[in-house]
Amino acid sequence: MVTQYPHELVQYIIPESVINPATGDYYTDNTVNQVVNISSCRAEANSEGRKFSNEDGEAYIYQFTVYLPSSVADIAAGTTVQILQKKRWVEGGTVYYVNQTLFSGAVKRFSRGQLNCRLWV
C-alpha cells in the first residue's frame, strides 16, 4: 500500500537573544529550543536542478518540494524546518522505528492550493 504522506515536517523554534541586565550583553538560552511537529508530508527531491524566482527576482535552486495536507497552517519563508523519514526494521521479533533526517534548513516559499499545500526548501 502506498502512503500519501510518508515523511514528517517539524519546525525548530529557536529563542531570540535577550539582554543580560547585569552585563548588557546579548545571549541566547539554547536549552529552551522547541521542536514542533507541523504535519505529515511527502518530500520530493529536486533532482533536475529546477529554480524559482522570489518577489525580488532572485533565482533559487531548491532541494525539495514538500507536499502537505490542505489543513496545514501557512508556513512563513525563512522558518527553520526538518524533514524526517521513519525507518523501520525488525530484529529478533521486535519492531524498531527511528527517524532519519532527510533535510534541515529554511523554507524558501509556501503555496496553498485547492487540494494540498506545497513548500520549497
Fill in: Reach of K51 by Cα under 22 Å, taken over lysines that are not fewer than 8 positions away in the same chain
K108
Practice prompt. Identify, among N99, L84, L115, the residue whose Cα sits farthest towards the positive end of the charge dipole of the range 60-121, taking +1 on the Cβ of Lys and Arg and -1 on the Cβ of Asp and Glu, with the dipole about the Cα centre.
Written response: L115
Worksheet item: Quick one: length gained pulling M1 to S53 fully straight, 0.36 nm per residue minus the C-alpha distance?
Response: 15.1 nm
Worksheet item: Could you give P(r) for the range 59-102, binned at 5 Å from zero, as whole percent values over all Cα-Cα pairs?
Response: 5, 13, 18, 20, 16, 11, 8, 6, 4, 0, 0
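Tally Lys/Arg at +1 and Asp/Glu at -1 over every other residue whose Cβ is under 14 Å from the Cβ of Y5; what's the total?
Working: positive: R42, K86, R118; negative: E8, E44.
Its environment carries a net charge of +1.
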Item to complete: Under 13 Å from the Cβ of I61, count the other residues' Cβ atoms, weight Lys and Arg +1, Asp and Glu -1, and hand me the total.
Response: +2
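Sum up the charges of everything whose Cβ sits under 15 Å from the Cβ of R112, counting Lys and Arg as +1 and Asp and Glu as -1, but leave R112 out. Write down the numbers at each step before the final one.
Values: positive: R109, R118; negative: D74.
Surrounding charge for R112 is +1.
Here, each number is a calculation from the coordinates, and none is a lab measurement. On a predicted model such as this, the values are computed, not experimentally measured, just so you know. Cβ atoms come from the backbone with ideal geometry, glycine included; neighbour counts cover every protein chain shown.
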